[in-house]
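Below you'll find the structure, written out as structure tokens, and then a few comments.
None of the figures in this text is laboratory data; all of them are computed from the coordinates on show. Worth saying up front: this structure is predicted, and the values here are computed from it rather than measured. Note that each Cβ is placed from the backbone with ideal geometry, even for glycine, and that neighbours are counted across all protein chains shown.
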Amino acid sequence: MIWSNIIQKIIFLFLTGPGIVGNILVFVRHVYAFVTGPERKPIDLILIHLTVSNAILICSTGIRDIATIFNFRNFIGNTGCKLLIYLGRVARGLSICTTCLLSMVQAITISPRTTFFRKFKPKTAWQVLPYLLFFWIFNSLVSFNLLHHIKAASSTNRSGIRRHAVYCYVVPSRQGVRWLFLSLMALRDVIFQSLMGWSSGHMAFHLYKHHKRVLYLHSSRLTHNSSPEIRATLSTLSLMTFFLVFYWADFILSFYIGSTITNDLKILNIGIVLVLGYASLSPLVLIVR
């Protein structure tokens, strides 16, 4: 048990510390490019929003689980439990939707000019803002039930309720209400992650065609000098692969936890790692790329 707790704390610190620093670095880099660049690129605005979503997710999950992992007394209270868990769930949805938008925009960008989807390419960064506003409204509504059903341990009887963290609990709701919000969450995840999978396959297909064309037109010595568009697309594909691995696993686990009453700390800790994994490590993927 002692070694298990030590490993758990190390993993938690490894995900939160570098995650916050990495998101800040990516945020500053793209804000600088957005402000000082000759044009306001949609990709910069999308990545700025993605890092903000990741930072909210890391901070809300991190603050909530400090008491859980380091055995502190409950210092967030009833309102804190509601706010932090709600913000964490909203930020998770924002991360899914924003990453999907990034993938779709990049896929449209490298598509041939004659394709039907080309006309949907945002020409300015401000054309992306309505999508981001819609993501905030939609995800706020999908997770709205948490504001009513999350309670601190000190303000509720623990029997027959599901633990969300050591000091935060989910009060059981009517089965119809619970399945309504679970269905909305599942529908959102399936739609946006399917769009991500389609756009990633679309990009991989066009990259393959481009690679074959370059091999035909140039010598092998020149094929290594890939264009900025190709490098950006490879970065997006790396991010998409990384994203899909973490979020499909998190989706399955979240749906299981949401549809059953379980207080198994091992399952809850695995959920914490999956939630923090993409938000913390995705900026490192972007920095390396």
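Taking the highest mean first, how do the peptides 275-284, 130-139 order by number of other beta carbon atoms within 10 angstrom per residue? Could you put the intermediate results ahead of the total?
Working: 275-284: 23.5, 130-139: 15.2.
Descending packing order for the listed peptides: 275-284, 130-139.
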Problem - Spin-label pair residue 208/residue 171, simplified geometry with 7 Å Cα→Cβ offset, distance in nm - result: 5.4 nm
Practice task
Pop a pseudo-label 7 angstrom from the Cα along the beta-carbon direction at both residue 31 and residue 245 and give the gap in nm to one decimal.
Solution key: 3.1 nm
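By per-residue mean of other Cβ atoms within 10 Å, what is the highest-first order of 89-98, 187-196? Could you put the intermediate results ahead of the total?
Numbers: 89-98: 24.6, 187-196: 16.7.
Taking the mean over residues of other Cβ atoms within 10 Å, the ranking is 89-98, 187-196.
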Practice task
Just tell me which lysines come within less than 19 Å, Cα to Cα, of residue 151; anything on the same chain fewer than 8 places away is out.
Solution key: 82
Problem - Approximate spin-label separation residue 121-residue 287, in nm, with each point projected 7 Å along Cα-to-Cβ - result: 3.1 nm
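Which FRET efficiency, nearest 0.05, do residue 273 and residue 21 yield, Cβ-Cβ r, R0 25 Å? Don't skip to the answer; put the middle values down first.
Numbers: r = 19 Å, r/R0 = 0.74.
After rounding to 0.05, the efficiency reads 0.85.
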Completion exercise
Restricting to lysines and to Cα separations under 18 Å from residue 266, and discarding same-chain partners fewer than 8 apart, the set is 9
Problem - Partner lysines for residue 41 [C-alpha distance under 16 Å; skip if fewer than 8 residues away on the same chain] - result: 121, 123
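Work out how much length residue 13 to residue 136 would gain on full extension: take 0.36 nm times their residue separation and subtract the Cα-Cα distance, in nm to one decimal. Mind dumping the intermediate values first?
On the way: separation 123, 0.36 × 123 = 44.28 nm, distance 2.84 nm.
Residue separation times 0.36 nm, minus the Cα-Cα distance, leaves 41.4 nm.
Express in nm, to one decimal, how much length is gained between residue 144 and residue 198 on full extension, taking 0.36 nm for each residue of separation and deducting their alpha carbon distance.
Values: separation 54, 0.36 × 54 = 19.44 nm, distance 2.95 nm.
Answer, rounded to one decimal: 16.5 nm.
Place the peptides 78-86, 101-109 in order of packing, highest mean first, counting for every residue the other Cβ atoms within 10 Å and averaging per peptide. Please list the in-between numbers first.
On the way: 78-86: 18.7, 101-109: 22.3.
In decreasing order of mean packing, 78-86, 101-109 become 101-109, 78-86.
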